[in-house]
Amino acid sequence: MDTTSNSKHRPFSIKLWPPSESTRLVLVQRLTNNLSSNSIFTQKYGALNKEDAEENAKKIEDIAFNVANEQYDREPDGDGGAAVQLYAKECSKLLLEVLKRGPEEKEKELASQNNASAETFFDISKGQRAFIKAEEAENLLRPLKEPGNSYTKICFSNRSFGLEAARVAEPILVSLKNQLKEVDLSDFIAGRPETEALEVMNIFSSALEGSVLKSLNLSNNALGEKGVRAFGSLLKSQSCLEELYLMNDGISEEAAKAVCELIPSTEKLKVLHFHNNMTGDEGALAISDVVKRSPLLEDFRCSSTRVGSGGGVALAKALESCTNLKKLDLRDNMFGVEAGVALSKALSKHLDLVEVYLSYLNLEDEGTVAIANALKESAPSLEVLEMAGNDITTAAAPTIAACIAAKQHLTKLNLAENELKDEGTIQISKALEEGHTLLKEVDMSTNFIRRAGARHLAQVVAQKPGFRLLNINGNIISDDGVDEVKEVFKKYPDVLGSFDENDPEGDDDDDDDDDDDGENSGEGEANEDELESKMKNLEVGQEE
């Protein structure tokens, strides 16, 4: 199938996860020092000797890494930033727990945690991606045959099962199905002929039929309608699913209808991920029926699914009933203004929203303004707002700024690939001036920003504690303007993104900027300074 997505819109990003071995070793050393050195915590709870501190540090890091890596495998966030945050959070939590326990209990408790994790989670995905033969399957799956094992989660991803290996796995899965809670069968038939792949799916489906699963991952299997129906017996038997992942599965209109038909109950469903499929408008109607029947839904992802206006409206109306929604990702579809306005009505009811990803939806100013107005009044704890590539102009900037000003928990703002220019950029910068102490990342790349807008934005975000990335690449900032921005970040240059696609000559096609086309840099800078002066008295929330 053709799963080509709108990659031309995607800015280059650095992968933060997984960390290198050297990074992990550095963290172990830091944890060792924290456990053994004098601090307010060791003064209160007592310090460990160097040898015990190093041993505990290794175990802390290993447990935290596994927790973060498991989350990233289930829900990759692009650059891995969320996994890194969870990694650090788990290390801090475990370190404090070690210090709080008595010295004789510290190592015993960590060992218990590590063993418990190992006993409940069986994972063969970490090896090299390859076909698996019957003999290898016997060896790999042997721990699952041990009497009295406590495995509740299995991951067979990244290894391709043929018929012989599937027949080895079948009786093992049958014996385990009453204790399993989470099953990951993503990418487990790669490279197999369709007939064999479908038979393998049928074997796994029948073996697991009747299990009471909380999480099922069938992503990256190019299922199509035939594949979805091959898993029919397993899907029909599930009434307690809380998480369902069907990403990159070639799910067309017919396959989407099959999903809707085969899942009998979604009353407990909290996570539904449907990324990178060929669903289209008709398929979106079927998925919207699933969403309507999922009142507890907290995390919905339907990105890169070729959904247009009609399907977008249907999904938006379905989401109105999901008042527990915390994370919404609809990126890279063809919604347009009508679907954007419909979505705004749903968002007005979502008080618990924390992350909203609405980039590349063709929202334009009208759809954007409707959504910004809705979010301003709802989602008080919003942390992530992405609306890149929506043809947003300066006309929508006051409404966006008013929304942003109300979101004091904001950590990430992405408005890249729009047409906000200096005027819109300065309005949004002013919205970020007061508070916003949690802000970590701002992307305003490719927005026709010049010197004044870049300087103002840089000065604002540079004052935020813990701020880690400003991306204003792909704009039309003069060389002097770039130097000014770099001067703002001279103490921490890594926080400032690259300028390799910046055009200091300012060659753009916007008629409004004809008086400042880069040929007379002195006049251009004077115009920019005049603009910034005019914007100084602007009040956030001022509507045009």
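The values are calculated or read from the model by the stated rules, or taken from the named source; none is laboratory data. All values reported here derive from a predicted model rather than from experimental measurement. Every residue, glycine as well, gets a Cβ built from its backbone with ideal geometry; the counts of neighbours run over all protein chains shown. To get the accessible areas, we keep the full protein, side chains included, count just its heavy atoms, and leave off ligands, DNA and RNA. Shrake-Rupley method; radii C 1.70, N 1.55, O 1.52, S 1.80 Å.
Listing for the model above:
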{"quantity": "Carbon + sulfur, % of accessible area of the chain - ligands and nucleic acids excluded, 1.4 Å", "calculated": "48"}
{"quantity": "Summed residue charge, Cβ within 12 Å of Ala374's Cβ, Lys/Arg positive, Asp/Glu negative", "calculated": "+1"}
{"quantity": "Long-range tail of P(r) for the chain (Cα pairs > 29 Å, %)", "calculated": "60"}
{"quantity": "More than 23 Å apart - percent of Cα-Cα pairs taken over the range 126-251", "calculated": "23"}
{"quantity": "Stokes-Einstein D in µm²/s, Kirkwood radius over Cα pairs - the range 210-295 at 37 °C with 0.692 mPa s viscosity", "calculated": "264"}
{"quantity": "Packing rank of 425-434, 135-144, where each peptide gets the mean count of other beta carbons within 10 Å, highest leading", "calculated": "425-434, 135-144"}
{"quantity": "Highest to lowest packing among 168-179, 53-64, scored as the average C-beta count within 10 Å", "calculated": "53-64, 168-179"}
{"quantity": "Pairwise Lys count, the range 21-101 - Cα closer than 17 Å, eight or more residues apart or different chains", "calculated": "10"}
{"quantity": "Mean accessible surface per residue for the chain, computed with a 1.4 Å probe while every protein chain stays in place, in Å²", "calculated": "45"}
{"quantity": "Highest to lowest packing among 388-397, 321-330, 28-37, scored as the average C-beta count within 10 Å", "calculated": "388-397, 321-330, 28-37"}
{"quantity": "Computed Kirkwood radius, in angstrom, where 1/r is averaged over Cα pairs of the range 55-97", "calculated": "10.3"}
{"quantity": "Estimated dipole of the chain in Debye, rounded to 20 [Cβ of Lys and Arg +1, of Asp and Glu -1, Cα centre]", "calculated": "3880"}
{"quantity": "Cα-based helix-to-principal-axis angle, 280-292 vs the chain, degrees rounded to 10", "calculated": "70"}
{"quantity": "Taking the chain and dividing mean pair separation by its residue count, relative contact order in percent (alpha carbons under 8 Å, at least six apart)", "calculated": "6"}
{"quantity": "Cα long-axis angle, helix 50-74 against the chain (0 to 90 degrees, to the nearest 10)", "calculated": "80"}
{"quantity": "For the range 204-244, diffusion coefficient by Stokes-Einstein and Kirkwood Rh (Cα), 37 °C, 0.692 mPa s, µm²/s", "calculated": "313"}
{"quantity": "The range 21-101: equivalent-ellipsoid semi-axes (sqrt of 5 x gyration tensor eigenvalues, Cα, Å)", "calculated": "26, 12, 10"}
{"quantity": "Volume per residue that the Cα convex hull of the range 287-329 spans, once the total is divided by residue count, Å³", "calculated": "56"}
{"quantity": "Crossing angle, helix 421-433 versus the chain [Cα axis fit, 0-90 degrees, rounded to tens]", "calculated": "70"}
